[in-house]
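The values are calculated or read from the model by the stated rules, or taken from the named source; none is laboratory data. All values derive from a computational prediction rather than experimental measurement. Virtual Cβ from ideal backbone geometry, glycine too; neighbours counted across all protein chains shown. For accessibility, only protein heavy atoms count, side chains too; no ligands or nucleic acids. Shrake-Rupley method; radii C 1.70, N 1.55, O 1.52, S 1.80 Å.
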Amino acid sequence: FINETDNLINYGRRAIVDDDFSYVVDLGYENAKGATIKFRGGTITTGFSLGDKINGRYNYTWTKSTLNNQGFVENYFLPQYSGKIHQLRLIVKPFKTTTLIFDWRRVKRSEIENPDIDNSQLKFSTVDFVGRYAFTDHFDVYIKITNLGNNRISGIHATRTPDDLSANSQYAAFTRLGMNYYIE
């Protein structure tokens, strides 16, 4: 895919100088005329099967962004959305009534040249697990564990302005027990 956006929104700051006082004013958001960001990327997906017991899917996604910085008064807002995502899903059916699902994700975002952002948090992996047992065609129980490794994942720095959250609230390891009853 290729996407291009013109006339981006910038977080505005202006230095105001007069004879008696000099100060900086945060003006909020404004259009940065002349600024253009281009995204390029793609996705490759493949599936595989090992008999009736194991099925899987692998997905690789990448993006690369470039910014034409004309129109920004300062380099205060520099979006950087480049990165790579690897995803693997394995579905194992050891018995007719039992299903096990393993999801693995590896995310690597590009390093950001900003002293307020810890670049070591731009790479992370997560593993999720679902186990399901079907008593009948209409009734099953399950356990779902999200973020099995209890990894702490950094937040998304969307705008690089003071309005960004230092960390987005996210679950550490989270377990859910449940049941499903299907009505026809």
_surrounded by fewer than 16 Cβ atoms within 10 Å (Cβ to Cβ), in a strand (DSSP E or B) and modelled with pLDDT of 70 or more: is that true of VAL141 in this structure?_
yes
*Among the candidates ASP6, ASP18, which residue alone is open to solvent by 40 Å² or more (accessible area, probe 1.4 Å), at pLDDT 70 or above and over 29 Å from ARG105 (Cα atoms)?*
ASP6
*Which numbered condition trips up THR66, out of (1) part of a loop (DSSP other than H, G, I, E, B); (2) at pLDDT below 90?*
(1)
*asked:* Can you report the number of residues in segment 150-181 which are modelled with pLDDT of 70 or more and open to solvent by less than 50 Å² (accessible area, probe 1.4 Å)?
replied: 3
*Given the conditions (1) loosely packed, with under 14 Cβ neighbours inside 10 Å; (2) in a loop (DSSP other than H, G, I, E, B); (3) modelled with pLDDT under 70, which single one is not true for THR136?*
(3)
